[in-house]
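Data block below; observations after.
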Ligand code: SF4
């Protein structure tokens, strides 16, 4: 099958693409992440995704970095914690765009690298994907079968940039707060 893979970053793309290719699929990547803040962080993650695409030899398209659309979509959920209401909206926005891109480029199905992260709710991601694309969405959990560990190995081998927060300004603030409280506890 020709699969459109929504890519959140290069580190997560690596094991997911390996897995799909090993299953005999042709992968077309789609980097669409208007949630990422600030812009230089976006560039770092995009560059890492391009590097992974080069290493594994698959085509990757870049979506529009339309931050306004993302901020409008999550309006009112600024105070939600990571893993809460805002994340569902964020997943939905990105997967809807991936579904559009899949149809435009005549791929057979679509899925996402978001399930590589152990911090994200894979059941929620897959339910959202199914609600958007029905049978066209491939429910997956790419962290299984050592996917998360493989991401770390390949990131090291290829020198991929590894982020230390999920992506949006609110997750960045949350990570600052955690670090500050850890410092205080020491
Ligand atoms: S924490 Fe991550 S998944 Fe949740 S809204 Fe922010 S960028 Fe999106």
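Structure notes:
- The one condition from (1) modelled with pLDDT of 95 or more; (2) on the phi > 0 side of the Ramachandran plot; (3) in a loop (DSSP other than H, G, I, E, B); (4) more than 15 Å from the ligand (Cβ to nearest atom) that residue 145 does not meet is (1).
- Scanning the range 149-169 turns up one or more residues that are surrounded by 13 or more Cβ atoms within 10 Å (Cβ to Cβ), part of a helix (DSSP H, G or I), within 16 Å of the ligand (Cβ to nearest atom) and in contact (Cβ under 8 Å) with a residue 40 or more places away in the chain.
- Odd one out for residue 107, checked against (1) part of a loop (DSSP other than H, G, I, E, B); (2) exposed (fewer than 13 other Cβ atoms within 10 Å of the Cβ); (3) away from the ligand (no atom under 16 Å from the Cβ): (2)
- Scan of the range 82-98 for residues that are free of Cβ contacts under 8 Å to residues at least 40 places away in the same chain and either in contact with a helix residue (DSSP H, G or I) (Cβ under 6 Å, 6 or more places away or on another chain) or more than 10 Å from the ligand (Cβ to nearest atom) (or both), ordered by number: 89, 91, 96
- Every pair of residues 6+ apart whose Cβ atoms lie under 7 Å, when the first sits in the range 60-81 and is touching a residue at least 12 places away in the same chain (Cβ under 8 Å) while the second is part of a strand (DSSP E or B): 60/7; 60/29; 60/31; 61/29; 61/30; 62/31; 63/30; 63/31
- Residue list for the range 112-136, filter: surrounded by 15 or more Cβ atoms within 10 Å (Cβ to Cβ), in contact with a helix residue (DSSP H, G or I) (Cβ under 8 Å, 6 or more places away or on another chain) and over 11 Å from residue 88 (Cβ atoms): 112, 113, 114, 115, 116, 117, 122, 126, 129, 132, 133, 136
- Hey, residue 77 out of contact with any helix residue (DSSP H, G or I) (no Cβ under 9 Å at 6 or more places or on another chain), within 15 Å of the ligand (Cβ to nearest atom) and modelled with pLDDT of 95 or more or not: no
The values are calculated or read from the model by the stated rules, or taken from the named source; none is laboratory data. A quick note: this is a predicted structure, and the numbers were derived from the prediction, not measured. Reconstructed Cβ throughout: ideal geometry from the backbone, glycine too, with neighbour counts over all protein chains shown.
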